[in-house]
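In what follows, a structure is listed as structure tokens, so that the remarks can point back to it.
The values are calculated or read from the model by the stated rules, or taken from the named source; none is laboratory data. Nothing here was measured: the structure is a model prediction, and the numbers come from that model. Neighbour counts are summed over all protein chains in view; Cβ atoms, including those assigned to glycine, are modelled from backbone coordinates with ideal geometry.
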Amino acid sequence: MRTQVAIVGGGPAGLLLSHILDRNGVDSIVLERQTRAHVLERIRAGVLEAGTVALLRDVGLGERMDREGHPHDGSSIAWENRPRFLIDTKKYTGKPMMAYGQTNITEDLYAARDAAGGQVIDEAANVQLHDLTSTKPYVTFEKAGAAQRIDCDYVAGCDGSHGVSRAAIPARLMKTFEKSYPFGWLGIMSETPPYPEICYCYHSRGFALASQRNPMLSRYYIQCDLDTRLEDWPDDRFWEEFKARCPQDMVDAIVTGPSIEKSIAPLRSFVSEPMRYGRLFLAGDAAHIVPPTGAKGLNLAVSDVFYLSRALTEAYRYNKTDYLDSYADTALRRVWGAARMSWWLTMLLHRFPDETPFEERMRLNQFDYLLASEHAQASLAEQYVGLPY
Ligand code: RFL
Ligand code: PHB
């Protein structure tokens with residue numbers, strides 16, 4: 001096979017890149033390791049920055065999001081024994097956010113690729129990247145036991161944190177930056193009407209979060225230890241613990257019900273530099289992971305794809321590589337901004353084992369400063385809604 005851009009990974013980053021390139025007349029093939037059903041079953045992000053919403057509309061993917069998504073003016077923080085606080089993105093930036101699930105975005109992307117006759121090869125096994133520093137890179141893989149080869153001009157590594165693309169960059173050229181947090185999030189999905197706001201709760205028992213997908217689908221999380229086992233958390237125990245971490249008015253308003261999904265995700269910050277090696281360009285979780293506290297992971301995948309699609313389009317349309325040459329630096333500047341914000345919000349809102357009383361007081365005072373200062377509120381709102389591309 002031959003294409004202009006071989007895209008490894010059919011998650012949101014890979015599919016969106018393929019979609020935007022197609023709109024700009026650039027040809028691509030997406031290689032996905034899993035089945036389509038598996039990709040669509042994954043439950044992940046739910047909060048979209050204003051820039052993500054605008055970009056999805058611009059590239060013709062806004063119709064269902066605008067019909068089914070829930071625009072809101074920011075998210076709340078309910079801190080034990082303190083007044084409720086709204087990260088007021090509308091007031092400070094003029095921009096709303098959108099609650100719309102990653103699962104839905106992925107469905108919309110698959111529908112768009114199918115409608116345009118785009119090639120997404122699923123169950124592509126043993127994907128390997130070759131000759132990345134030449135002008136004629138190629139990708140090999142196996143489909144149904146048969147060896148295949150795609151010749152291309154560029155390779156986009158959109159294969160998430162456990163993919164093969166990042167590993168194709170020689171270790172001596174890579175710098176990685178990592179922080180693991182001593183806890184995870186235990187999350188459930190339930191077919192119940194959601195709590196009306198997205199609300200982050202800080203409590204001495206630990207963090208909790210109420211989120212939403214649609215009028216009959218709710219997403220809730222609680223901070224948990226890293227050795228937590230799902231089988232120890234039947235629904236009743238989850239709800240009891242969740243309610244113990246939020247204020248009474250919230251407890252009264254929450255509609256509980258059986259979970260339809262339950263999972264644990266450890267929290268981690270990770271950035272690898274550079275995001276380019278020869279003709280390979282990384283985008284999304286393949287290059288960086290942020291803890292979910294700032295709701296930035298999917299949004300960063302989208303901003304990477306914005307920069308990369310612009311760069312590849314420029315290369316084909318005008319035979320210029322300025323944007324390709326600056327891709328890694330441009331994308332990384334925004335990545336580090338989101339990494340810092342997600343780290344800060346994670347530190348602010350969680351209980352840390354082995355924390356000293358001094359550290360606890362510092363955290364409490366960070367929140368009190370936020371409550372008292374319009375400047376601090378404006379700064380947080382600006383970052384939560386997403387810095388401009
Ligand atoms: P993905 O979604 O992991 O997709 C990568 C795809 O590549 C495939 N793949 C391969 N294909 C071929 N060959 C190989 N060798 C391959 N190896 C892997 C995989 O099967 C997969 O289909 O990465 P992408 O596209 O970069 O998208 C990133 C987002 O998925 C991720 O950042 C977000 O889900 C993070 N995240 C959140 N982000 C937000 O912006 N807002 C949120 O509210 C939010 N909440 C969350 C989250 C992530 C969570 N978890 C589970 C980590 C909440 C949670 C609980
Ligand atoms: C979610 O709805 O899954 C969600 C919301 C906000 C976050 C993280 C995840 O910060």
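When you check residue 335 against the structure, is it touching a residue at least 24 places away in the same chain (Cβ under 8 Å), in a helix (DSSP H, G or I) and in contact with a Cys (Cβ under 9 Å, 6 or more places away or on another chain), yes or no? Even if it seems obvious, please write down each step before you answer.
On the way: touching a residue at least 24 places away in the same chain (Cβ under 8 Å): yes; in a helix (DSSP H, G or I): yes; in contact with a Cys (Cβ under 9 Å, 6 or more places away or on another chain): no.
When the stated conditions are applied, residue 335 does not pass them.
Given the structure, is residue 48 within 15 Å of residue 163 (Cα to Cα) and in contact with a Phe, Trp or Tyr (Cβ under 7 Å, 6 or more places away or on another chain)? Outline the logic, then answer.
Numbers: within 15 Å of residue 163 (Cα to Cα): no; in contact with a Phe, Trp or Tyr (Cβ under 7 Å, 6 or more places away or on another chain): yes.
The answer is no for residue 48.
Would you be able to tell me the number of residues in the range 302-331 that are crowded, with 21+ Cβ neighbours inside 10 Å and either under 15 Å from the mean Cα position of the chain (by Cα) or farther than 22 Å from residue 158 by Cβ (or both)?
Of the residues in the range 302-331, 6 are crowded, with 21+ Cβ neighbours inside 10 Å and either under 15 Å from the mean Cα position of the chain (by Cα) or farther than 22 Å from residue 158 by Cβ (or both).
Might you check whether a residue that is small (Gly, Ala, Ser), within 30 Å of residue 94 (Cβ to Cβ) and surrounded by 14 or more Cβ atoms within 10 Å (Cβ to Cβ) occurs anywhere in the range 367-377?
yes
Name the residues in the range 123-147 that are away from ligand 1 (no atom under 12 Å from the Cβ) and either hydroxyl-bearing (Ser, Thr, Tyr) or surrounded by fewer than 17 Cβ atoms within 10 Å (Cβ to Cβ) (or both), would you? First the steps, then the outcome.
So the first thing to find is which residues in the range 123-147 are away from ligand 1 (no atom under 12 Å from the Cβ), and the list is 130-138, 144-147.
If the condition is that a residue be away from ligand 1 (no atom under 12 Å from the Cβ) and either hydroxyl-bearing (Ser, Thr, Tyr) or surrounded by fewer than 17 Cβ atoms within 10 Å (Cβ to Cβ) (or both), then 130, 131, 133, 134, 135, 136, 138, 144, 145, 146, 147 are the ones that fit.
For the range 21-37, what are the residues that are touching a Ser or Thr at 6+ places or on another chain (Cβ under 8 Å), crowded, with 23+ Cβ neighbours inside 10 Å and either over 14 Å from residue 129 (Cα atoms) or acidic (Asp, Glu) (or both)?
Passing the criteria: 21, 28.
Among 344, 336, which is the only one that is within 16 Å of ligand 2 (Cβ to nearest atom) and either more than 19 Å from residue 383 (Cα to Cα) or surrounded by fewer than 20 Cβ atoms within 10 Å (Cβ to Cβ) (or both)?
Result of the check over 344, 336: 344.
If you go through the range 347-356, how many residues are exposed (fewer than 10 other Cβ atoms within 10 Å of the Cβ) and modelled with pLDDT under 95? Reasoning before the result, please.
Taking the range 347-356 and keeping what is exposed (fewer than 10 other Cβ atoms within 10 Å of the Cβ), we get 353-354, 356.
The next check asks that each one be modelled with pLDDT under 95; those that pass are 353-354.
Residues in the range 347-356 being exposed (fewer than 10 other Cβ atoms within 10 Å of the Cβ) and modelled with pLDDT under 95: 2 in total.
Take residue 70 and decide whether it is within 30 Å of residue 371 (Cβ to Cβ) and within 16 Å of ligand 1 (Cβ to nearest atom).
On the way: within 30 Å of residue 371 (Cβ to Cβ): yes; within 16 Å of ligand 1 (Cβ to nearest atom): yes.
Yes.
Give the range 95-117 a look and list any residue that's among the hydrophobic types (A, V, I, L, M, F, W, C), farther than 19 Å from residue 24 by Cβ and assigned to a helix (DSSP H, G or I), or say none.
So the first thing to find is which residues in the range 95-117 are among the hydrophobic types (A, V, I, L, M, F, W, C), and the list is 97-99, 105, 109, 111-112, 115-116.
Then drop every residue that is not farther than 19 Å from residue 24 by Cβ, which leaves 97-99, 105, 111.
Matches in the range 95-117: 105, 111.
Taking the range 54-85 as the search range and keeping residues that are within 21 Å of the chain's Cα centre (by Cα) and basic (Lys, Arg), which one is nearest to residue 209 (Cα to Cα)?
64
Would you mention how many residues in the range 287-299 are more than 16 Å from residue 179 (Cβ to Cβ) and in a helix (DSSP H, G or I)?
2
So, in the range 104-122, exactly how many residues are farther than 15 Å from residue 17 by Cα and buried (at least 19 other Cβ atoms within 10 Å of the Cβ)?
So the count comes out to 0.
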